[in-house]
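Every number here is computed from the coordinates shown, using simple stated rules; none is lab data. These numbers come from a predicted model, not from an experiment. Cβ atoms come from the backbone with ideal geometry, glycine included; neighbour counts cover every protein chain shown.
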Amino acid sequence: MTEEKNTVTIVEKAILQKIVVLRNEKVILDVHLAELYGVETRTLKQAVRRNIERFPADDFMFELTEDEIAAVVSQNVIPHRKYLGGANPFAFTETGVAMLSSVLKSKAAVEMNIAIIRTFVALRKVASNYKEIMEILMEMRSLYDAQFEEVYSALEKLINPPPQEPRPRIGFRRGDEID
């Protein structure tokens, strides 16, 4: 039984590494979903396009823009633009991943879907815990105001770090990579 629990933990960690935030949504790129499901990205996209009415663009999935692709490359979500095979990737939200289970019907895909949905739910729980922590901090701040101001601000910075600008890539560039 412990071996099974460790396997689930490894799967959840693999899924967590694939979740990124784009357009203020937690999403998984089609290339990563295909990898998790054990199918080719082309096959996954083809299944989605054949059932496109199941994936409304408002909150199930969206196609990445060139700027978003550049952002995921610069954040090392994908190693290089060529990794995508020339097509703009789809980004699937939690509801889009749930809908994929009706399109990809293999047993492995259904099991992986369950694991992915559980991971999204776990992320939501963690986010709500952060909210509770911030509420407690604000309550403590009002009670002990000036005495612990430095501690409160340090904790706030740890919980809500300031947004960072994307850093320019460094290192050697080939002639075809120079802007």
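Report the FRET efficiency, 1/(1 + (r/R0)^6), for Ser106 and Leu16, where r is their Cβ-Cβ distance and R0 is 41 Å, rounded to 0.05. According to the calculation, E is roughly 0.95.
Residues of the range 148-179 falling in the label zone of Ser74, defined by backbone nitrogen less than 13 Å from a point 7 Å along Cα to beta-carbon, are 164-170.
Mean shadow of the range 13-133, computed from the convex hull of its alpha carbons, in nm²? Provide the component values of the computation, followed by the final result.
Details: hull surface 30.5 nm².
If I average the Cα hull's projected area over directions, I get 7.6 nm².
3J(HN,Hα) along the range 150-157: 5, 5, 4, 5, 5, 5, 4, 5 Hz, from the Karplus curve 6.51 cos²θ - 1.76 cosθ + 1.60 with θ = phi - 60°, whole Hz, x for Gly and Pro. As a rough guide to protection, the peptides 51-64, 160-173, 27-40, 107-120 ranked by mean Cβ packing within 10 Å, highest first, stand as 27-40, 107-120, 51-64, 160-173. Using the Cβ-Cβ distance between Ile114 and Asp176 with R0 set to 45 Å, the FRET efficiency from 1/(1 + (r/R0)^6) comes to roughly 0.55.
Taking amide hydrogens as placed 1.01 Å from N in the peptide plane, the amide H of Met61 sits under 5 Å from those of Thr93, each at least 5 positions away in sequence or on another chain.
Per-residue Karplus couplings for the range 44-52, computed as 6.51 cos²θ - 1.76 cosθ + 1.60 with θ equal to phi - 60°, are listed in order as 4, 4, 4, 4, 5, 5, 5, 10, 4 Hz, Gly and Pro entered as x.
Pairs Lys13/Lys125; Lys13/Lys45; Lys26/Lys125; Lys18/Lys45; Lys13/Lys157; Lys45/Lys105: which exceed 19 Å Cα-Cα?
Details: Lys13/Lys125 16 Å; Lys13/Lys45 24 Å; Lys26/Lys125 14 Å; Lys18/Lys45 17 Å; Lys13/Lys157 25 Å; Lys45/Lys105 14 Å.
Checking Cα-Cα distances, Lys13/Lys45; Lys13/Lys157 exceed 19 Å.
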